[in-house]
Every structure is written in C-alpha cells, then in structure tokens.
Amino acid sequence: MEVEDIHAEPEGKPDASPDSVPVASPQDLEREELKKRYDALNDQFMRLAADFDNYRKRTARERETITQTANERFAVDILEVADNLERALKSDDGHLRDGVILIRQLLEGILARHGITPIDALKKPFNPTLHEAIVHIPTDEDAGIVVDEVARGYRMHEKVIRYAKVAVSKEKIIQNTEE
C-alpha cells in the first residue's frame, strides 16, 4: 500500500502560495478603469434623461395652467357682456337699442384688453391675407374694392384669427347715355 503525502501539492493545480497571487496586466487595469468610467457616464446619462423628462412634464403642466388661467380671465370678462345682455332683455323696448350699443362698446373694450382688434375692411382694396371674398358685386367703385362687410374680421396681436367676410366690387358699371 502506498502512502500519500498529504502535504504534497496535487498534480495539475497551480501553486496557491501567497507569493503566487495573480498580477493584473495593464490591459486588465485599463479595462477596469474604462468600465468604471462607462458606468459613471451611463449613470449620469440616465439621471440627465430622467431630469429632462421631468422638466418636459413640468413645463407642459405649467403651459396648461397658463392657458387655463388666461381662458378663465377672458371668460370672466365675457360674463360681464352676458350679464349686461340679460339686463338689456329685461329693460323696456325704448332703451333696448341704447343698452345694446353700450354692450357692444363694453365687448370691444374687453376684446381690445385681450389684444383682439377688428380688421377695417370697408372701402379698402381687397386683401386675401385679411379678407375672404364671398361675393363679387358690380358697382360704381373700382374693381377689387370691399363694398360690404358681411362679417367683421379680427386680429389677435397682429395675427388674423378670423378673416373678414366681404363683398368685393366687380367692375364699374358704365351707364349708357346714348339712349
């Protein structure tokens, strides 16, 4: 019977003595450093993406709040007009026209406070950036002149929000004086 030396190293296994700790190569150290930098940058990117998403959501909420507040202010102003229309309907017929004129003036003032102004169209040359021609009428006016305003147009801070619906002169009517 053969006796094994229990202190002998088994065959095929590397020496596990404290002096034989594997030394990392420069490539392994560089790879480890690059992985740490990658992880740090990836973490920074993920935080930045989350911050941007939060910013986008917050500004959308703020924009919605601003729009809602502006609409509420405009609605409160318009309710003044509705109240005055109710009062006008309760008044006698003799004062109804005067009341409606005052209500129109109130409405024009409210619209002006909100940057809404009417487009002056009557007796002006037709301008397709301001007017919508709904009919051409033969008149004594030169061709292309607005002769009637069917619906007033409006601008809001220089942007046309409703085109004026107008009747435009076709051409001058020439009276035959020879008959």
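The values are calculated or read from the model by the stated rules, or taken from the named source; none is laboratory data. In this text, all values refer to a predicted model and were calculated from it rather than measured experimentally. Heads up, the Cβs are rebuilt from the backbone with ideal geometry, glycines too, and the neighbour counts pull from every protein chain shown. For the accessible areas, the whole protein counts, side chains as well, though only heavy atoms, and no ligand, DNA or RNA atoms are used. Shrake-Rupley method; radii C 1.70, N 1.55, O 1.52, S 1.80 Å.
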Exercise. Any residue at all in segment 77-88 that is more than 30 Å from residue 170 (Cα to Cα) and not in a helix (DSSP H, G or I)?
Worked result: no
Problem set entry | Search result, residues across segment 104-155 that are closer than 27 Å to residue 70 by Cβ, open to solvent by less than 80 Å² (accessible area, probe 1.4 Å) and of a type in the set (Val, Ile, Thr) | 110, 116, 117, 119
For this session: Would you mind finding the one in 121, 143 that is among the aliphatic types (A, V, I, L, M), touching a residue at least 40 places away in the same chain (Cβ under 8 Å) and in a loop (DSSP other than H, G, I, E, B)?
Result: 121
For this session: Just name the residue that is farthest from residue 160 (Cα to Cα) out of those in segment 70-103 that are open to solvent by 60 Å² or more (accessible area, probe 1.4 Å) and within 32 Å of the chain's Cα centre (by Cα).
Result: 83
Exercise. Consider residue 133 against the criteria (1) out of contact with any strand residue (DSSP E or B) (no Cβ under 8 Å at 6 or more places or on another chain); (2) part of a strand (DSSP E or B): it satisfies all of them except one. Which criterion is unmet?
Worked result: (1)
Exercise. If you check residue 59 against the conditions, is it open to solvent by less than 80 Å² (accessible area, probe 1.4 Å), over 30 Å from residue 152 (Cα atoms), of a type in the set (Val, Ile, Thr) and assigned to a helix (DSSP H, G or I)?
Worked result: yes
